[in-house]
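Participant: I have a structure here, written as C-alpha cells, and I will follow up with some questions on it.
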Protein chains: 2
Amino acid sequence: MRTRITNVLLTPGATGEPHIPLIPDAEVHISDNRIVYAGPAGTAPVFENADAIGGEGCLCMPGLVNLHTHTPMVFLRGVGADLALDDWLHKAIFPLEKQWTEELIRCATDLGCMEMLRFGTTAFNDMYFYTNAIAETVRDNGMRALLGHGIVDFDESCADMAEGVAMAEKWNHACDDRIRFSLAPHSEGATTPALLRKVAQTAKAMGIPIHTHVSETDFDLQGCLKRRGMTPPAYLEAMGVLDSPVIAAHCVWFNDEDIALFQKHGATVAHNPISNLKLASGVAPVTRMLAAGCRVALGTDGVASNNSLNLWEELKLMPLLQKGVTLDPTVVSPAQALAAATVVGARAMGYDDLGLLREGYLADLILVDTRNAHMTPALDVEANLIYSAQGSDVRLTMVNGKVLYRDGRFATLNRDELLRRAEDGAQGMRRRLAQV
Amino acid sequence: MRTRITNVLLTPGATGEPHIPLIPDAEVHISDNRIVYAGPAGTAPVFENADAIGGEGCLCMPGLVNLHTHTPMVFLRGVGADLALDDWLHKAIFPLEKQWTEELIRCATDLGCMEMLRFGTTAFNDMYFYTNAIAETVRDNGMRALLGHGIVDFDESCADMAEGVAMAEKWNHACDDRIRFSLAPHSEGATTPALLRKVAQTAKAMGIPIHTHVSETDFDLQGCLKRRGMTPPAYLEAMGVLDSPVIAAHCVWFNDEDIALFQKHGATVAHNPISNLKLASGVAPVTRMLAAGCRVALGTDGVASNNSLNLWEELKLMPLLQKGVTLDPTVVSPAQALAAATVVGARAMGYDDLGLLREGYLADLILVDTRNAHMTPALDVEANLIYSAQGSDVRLTMVNGKVLYRDGRFATLNRDELLRRAEDGAQGMRRRLAQV
C-alpha cells in the first residue's frame, strides 16, 4: 500500500532536524508501514500508484505517544470527582472495577482508542487488567500499543506475574510489531522485593521494558523511605529494575539524586501533569529533569483522573506548569514539549524508528488543520502547535501506514454503535454496583 | 424574533438551581433577546411562530464570559514565546504594538471575536487602545462586551482618561445594551494617585465599573509596597477605587487581608490561570478567595500570553491547578468552576440578568455536543463538562437572541476572508517592524 500526502507544512520538530527550517510545501510518501520520503515537494522522488491525500492548510507531524494510561478506565470517566485520594480509590474506583467483564473491557478499550485516534494519538503505553482482551482489541482496531499486565503482589505469590509473562510471550512484536509487551509491576508499595527482583531478571532476559508507578505522591515516597530505607528510584536500582528500559509514571517527588539515577540508567519519566494536579499529587520537577538530561515524555494517566485522553492538553500544560512553578518563563521550549509528546515516548516504548517524519521510520502520523481563527496568524508555527492548537484540529490519524481516522470517520470503529454500547456498558456497571 | 430550542439537556449549573436535577429533555424559548422559558419539554408553554433549533445530544448552557482580555492581541499570537517578562514586553510586544492602525485593530478584533464565538464565549471584558474602533467592530459582529480604554499615566496629564470618558459616554448601553464601557486604568504601577482618584470619582458618578490589573507579579506587589507603603488592594481602597464595581485582573500575589478587602467591597477577581503560568507570574490563591466569599471569574488575558481565547482551557485548569498547588483534591467543584466561567463574570460586567438560563434573562447561550468519545459515558455530566469537554464541542453560539455561530458558520463574519486578511495584516506588522 502506498500513500502520497501532498501540500503539507513540515516543522523542524516533525522531522527532528532543527537545522532544516519550516517547509511550507512538503510531501510525505508512505510505502506499506514506512515513511519513504518527507521533505519539499520540489525534491520529492516520483511516487506512482499511490493513494493521494491532499493536506492543504495542514501541518503533518508524528502521531502523539501517550506514555502512561489505563485505557479501559474511560468507563470510569468523572467517577468520584473531587474526592480525597483514599476515598476516591476505595469508595469510587475499586468497587466499580470489580464489575468488569471481558466484554466490557473490549468495549472500553475501543472507546479509549477512538478518543485517542480522534485527537491524534497513534501509540500508547498501558497498564491494566484483562490484558489479553485489551491486546485482542488493539489487534483489531489498529493502534500501536505497549501493553503491560498490572502486577500487584503483597504475598510473594507472584501470581499476576506468570500471567503477565505468558501474555508478553504471546503478544510481544505481534500484529506487524504494532503490539509490544512490558512487565508492569504496579509500584513499590504494591509489590514485594522478591517480585521486583524476579521482574527485573525476567524483563532483562526477555529484552522487554518495565512499566511502573514511581513516587506519585509524598505518601508513596514516605512509605518507601520507611519500608526500604531509600527513595523509590534507589530501591528500583537496588532491585535491578533499572537495568532494563524503564517507563516510570509520575516521578513527582524526585530529588536531584533520583533524577541523576534515572539519567544514568536511561529510564524514562512518563509525566502526567493533569492527573498529578487533579489527584493533588503535586508537580513533577520536569525543568530539573530536562536540565539533567533525563528523558521526559507525556501521558494522560487513566481517564478517571484527567478526565480525557486528549494529549494536546498535556502538551500545553507541561511547559505552562513548569514556567509557573519555577517562576521562570524561559523554561521548557515548544521543541522540548513536542519531543516529550512524540519521539521520547516512542523511544521509551522500544521503537528506535518511530516518532519523527523521516525516511525509514514507521508511518504513524497526523494532519493538523491550521486554517482556523485560533491558529492565525502563523508567526511562530511551533508555538502555535503547542499553545494554540486543539486536539480537534486533527483531521487525519495514520498508524503503521493505515488511515484510522479522517474527518470524523474511523476506519476500524463504528462510532455511533460504539458510543451507544459504551454508555450502556458503563451505566450497567454502575447499576450493578448499586445493587450489591 | 422567536427561537425554540428543543431536545437539550439542562444541568443545575446552567439554570443556577442546584435543587433541580438534570433535565434530559428540555426546551429553551427565546423571544427577541430574552429567555422566556428554560425547563422540561413536558411543562413548556405553547410557543408558536418560532424558528426551531433541534438540540439532540447537546447540553444547553449559558455562554461563557471571558472577564479579562485584550482582544486585538490575537495578532501577536506566539510572539516572543519563552522570553523573560521584561524582554517579552520591551523587545517583542511593545515594538509590534507601535505598528497598529485602526484598520488592523478592526481586523484583529473580528479575528478574536471569531475565535471566542467558535468556542462558546458570548461576552468579554476588554482593555486596549483604539477602543472606539473596537466598539464599532463589536457593534457590527454582534458580541457582548464591556470595553475599557486603557489609561496609562505617568505624568498626571490624564490625557488617556478624557478619551476613555468620552468613549464611555458615547458607547455605554449602546447597541441594545450589548456594549458597555468601563474606565480602565492599566494598573497601580502605570498610573498616578491623582489619576486613580479621578477615575474613582468619575466611575462612581457615571455608575460604570473599573477594570484594572492588580498584583499580577511579585514585582508589582513589591513596587506598590515601596511606592505606596501598602498592598495594591489597600491602595485601591485608599484611592476610592473599590467604591465602584471593580474587575481586577490576576490578583496572584494576594494575602488574606487583600482577599478580605475585595470580599468586603464586592470586587471581582478576573483569574487568568494560563497567562499567569505562561508569564511565570505565579498561581492566584483562588481556593482561599472562594472560601472567603470573594468573587472569582475567569479570563484568558491577551492571546500573546496564552496563546488562545478558548475559555474551556481556563475552565478545566482553574480547579486542577488549585487541587495541585494546595495538595487537596477536594477544592474547587465543577459547579464553582462553571459559575466562574459564566454568571460571576456576567454580574461583574454589570448584567444582573445574564449568565444563567432563566426566564427573563438575556439570551446568551450555547449548545455543547456530548455525542462523542471524550464525553462518554455521562456518569457525571457536570464533571464531563469541566474536565472532558472541548471548546470544539460547541455547535451553536447565541448572543442577545441571535445565532452568531452554528456548525462551522458565522452569521456576521466571513471566515475565510477574515483569516486571509488577518494573516496578511499580522505579517505586515512584523515586516514593517523589521524595516524600522
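The values are calculated or read from the model by the stated rules, or taken from the named source; none is laboratory data. What you see is a predicted model, and the numbers here were worked out from it, not measured in a lab. As a convention, Cβ positions derive from the backbone with ideal geometry for all residues, glycine included, and neighbour counts pool all protein chains shown.
Participant: Please list, ordered by residue number, the strands (runs of 3 or more DSSP E) wholly in segment A:324-407 having 2 or more residues that are more than 24 Å from B:ASP407 (Cα to Cα), touching a residue at least 12 places away in the same chain (Cβ under 8 Å) and more than 11 Å from chain B (Cβ to nearest Cβ).
Facilitator: A:394-399, A:402-406
Participant: On to the next question. Given the options A:THR212, A:THR202, name the one that is at pLDDT 95 or above and surrounded by 24 or more Cβ atoms within 10 Å (Cβ to Cβ).
Facilitator: A:THR212
Participant: Would you be able to tell me the number of residues in segment A:78-130 that are β-branched (Val, Ile, Thr) and closer than 26 Å to A:ASN400 by Cβ?
Facilitator: 4
Participant: Across segment A:116-141, what is the total count of residues that are under 26 Å from A:LEU315 (Cβ atoms) and either in a strand (DSSP E or B) or acidic (Asp, Glu) (or both)?
Facilitator: Number satisfying all stated conditions: 8.
Participant: Same structure, new question: Please enumerate the residues belonging to segment A:145-155 that are closer than 23 Å to A:SER308 by Cβ and touching a helix residue (DSSP H, G or I) at 6+ places or on another chain (Cβ under 8 Å).
Facilitator: Within segment A:145-155, A:ALA145, A:LEU147, A:GLY148, A:GLY150 qualify.
Participant: Continuing with this model, one more query. Could you check segment B:80-123 and list, in sequence order, the residues that are under 30 Å from B:CYS60 (Cα atoms) and more than 21 Å from the chain's Cα centre (by Cα)?
Facilitator: Answer for segment B:80-123, where residues must be under 30 Å from B:CYS60 (Cα atoms) and more than 21 Å from the chain's Cα centre (by Cα): there is none.
Participant: Same structure again: Please go through segment A:375-388 and give me each residue that is surrounded by fewer than 24 Cβ atoms within 10 Å (Cβ to Cβ) and among the small types (Gly, Ala, Ser), ordered by number.
Facilitator: A:ALA378, A:ALA383
Participant: Right, next: In this structure, does B:ALA159 turn out to be farther than 25 Å from B:LEU354 by Cα and not acidic (Asp, Glu)?
Facilitator: It is true that B:ALA159 is farther than 25 Å from B:LEU354 by Cα and not acidic (Asp, Glu).
Participant: Answer yes or no: is there a residue in segment B:291-298 that is within 14 Å of another protein chain (Cβ to nearest Cβ) and not in a strand (DSSP E or B).
Facilitator: Within segment B:291-298, not a single residue is within 14 Å of another protein chain (Cβ to nearest Cβ) and not in a strand (DSSP E or B).
Participant: With the condition kept exactly as written, say whether any residue in segment B:411-425 is within 13 Å of chain A (Cβ to nearest Cβ) and part of a loop (DSSP other than H, G, I, E, B).
Facilitator: yes
Participant: For segment A:270-290, name all the residues that are crowded, with 24+ Cβ neighbours inside 10 Å, of a type in the set (A, V, I, L, M, F, W, C) and within 11 Å of another protein chain (Cβ to nearest Cβ).
Facilitator: Selection gives A:ILE274, A:LEU277, A:LEU279, A:ALA284.
Participant: How many residues are assigned to a helix (DSSP H, G or I) and either surrounded by fewer than 19 Cβ atoms within 10 Å (Cβ to Cβ) or at pLDDT below 95 (or both) if we restrict to segment B:99-115?
Facilitator: 2
Participant: Can you pull out the residues in segment A:12-58 that are farther than 26 Å from A:ASP393 by Cβ, more than 29 Å from the chain's Cα centre (by Cα) and not aromatic (Phe, Trp, Tyr)?
Facilitator: Hits for segment A:12-58 are A:GLY42, A:THR43, A:PRO45, A:VAL46, A:GLU48, A:ASN49.
Participant: Among what's in segment B:146-166 and is touching a residue at least 40 places away in the same chain (Cβ under 8 Å) and surrounded by 24 or more Cβ atoms within 10 Å (Cβ to Cβ), pick the residue that is nearest to the chain's Cα centre (by Cα).
Facilitator: Looking at residues that are touching a residue at least 40 places away in the same chain (Cβ under 8 Å) and surrounded by 24 or more Cβ atoms within 10 Å (Cβ to Cβ), I get B:LEU146.
Participant: Test A:ASP364 against the stated conditions and say whether it is more than 21 Å from B:LYS278 (Cα to Cα), surrounded by 24 or more Cβ atoms within 10 Å (Cβ to Cβ) and in the same structural domain as A:GLU382 (by TED's automatic domain parsing).
Facilitator: Considered against the rule, which asks whether it is more than 21 Å from B:LYS278 (Cα to Cα), surrounded by 24 or more Cβ atoms within 10 Å (Cβ to Cβ) and in the same structural domain as A:GLU382 (by TED's automatic domain parsing), A:ASP364 comes out as yes.
Participant: Any residue in segment B:1-16 that is touching a residue at least 60 places away in the same chain (Cβ under 8 Å) and under 16 Å from B:ASP364 (Cβ atoms) sitting within a Cβ distance under 8 Å of a residue that is of a type in the set (D, E, K, R) and not in a helix (DSSP H, G or I)? List the pairs, counting only those 6 or more apart or interchain.
Facilitator: B:MET1/B:ASP32; B:MET1/B:ASP51; B:MET1/B:LYS402; B:THR3/B:ASP51; B:ILE5/B:GLU27; B:VAL8/B:GLU27; B:THR15/B:ARG358; B:GLY16/B:ARG358
Participant: When segment A:195-206 is examined, which residues are found to be in contact (Cβ under 8 Å) with a residue 24 or more places away in the chain, of a type outside the set (S, T, N, Q) and over 27 Å from A:ASN276 (Cβ atoms)?
Facilitator: A:ARG197, A:LYS198, A:LYS204, A:MET206
Participant: Here's something else I'd like to know. Of a type in the set (D, E, K, R), closer than 25 Å to A:VAL65 by Cβ and either in contact with a helix residue (DSSP H, G or I) (Cβ under 7 Å, 6 or more places away or on another chain) or surrounded by fewer than 17 Cβ atoms within 10 Å (Cβ to Cβ) (or both), is that true of A:GLU169?
Facilitator: In short, yes.
Participant: For segment A:82-96, does any single residue satisfy the condition of being within 14 Å of chain B (Cβ to nearest Cβ) and at positive phi?
Facilitator: Within segment A:82-96 (the criterion being within 14 Å of chain B (Cβ to nearest Cβ) and at positive phi), the answer is yes, since at least one residue qualifies.
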